[in-house]
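Notes follow once the structure below has been shown.
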Amino acid sequence: MAGITAFAVTAVLALATRGIDLFSAVVLGIITAVGGGTLRDLVLDVPVFWAADLNYIWIALGASFVAFPSFVATKFCEEPFIRD
């Protein structure tokens, strides 16, 4: 699950610099997160891992949702919020 999270976050952070919207970033984050394993399972002719356990999709979806707003917030914030 850590790999799914890492690939989803990496994809969203790479795409956020190109000015795409949240929906596109989340979809591409999920595709990136599960794409390699899907190709592996298709080549090996075994059931696709995320079809058997949808938690992989939910993890990728959640990681993408968390990564996109956090990047956008830091991109537009010139000074960090510091409370005295």
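Residues that are of a type in the set (A, V, I, L, M) and farther than 16 Å from Ser70 by Cβ within segment 9-33 comprise Val27, Leu28, Ile30, Ile31, Ala33, listed in sequence order.
Residue-wise test of (1) modelled with pLDDT of 90 or more; (2) within 13 Å of Gly3 (Cα to Cα); (3) loosely packed, with under 12 Cβ neighbours inside 10 Å.
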| position | (1), (2), (3) |
| --- | --- |
| Phe23 | no, no, yes |
| Val27 | yes, no, no |
| Leu39 | yes, no, yes |
| Val46 | yes, no, yes |
| Tyr56 | yes, yes, no |
| Leu61 | yes, no, no |
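Against the list (1) over 16 Å from Ser70 (Cβ atoms); (2) surrounded by 16 or more Cβ atoms within 10 Å (Cβ to Cβ); (3) hydrophobic (A, V, I, L, M, F, W, C), the condition Ala51 fails is (2). Within segment 42-60, the set of residues being without any contact (Cβ under 8 Å) to a residue 40 or more places away in the chain and touching a helix residue (DSSP H, G or I) at 6+ places or on another chain (Cβ under 6 Å) comprises Val48, Phe49, Trp50, Ile57.
The values are calculated or read from the model by the stated rules, or taken from the named source; none is laboratory data. The model shown is predicted, which means the values in this text are computed figures rather than measured ones. Every residue, glycine among them, receives a Cβ derived from its backbone with ideal geometry; neighbour counts consider all protein chains shown.
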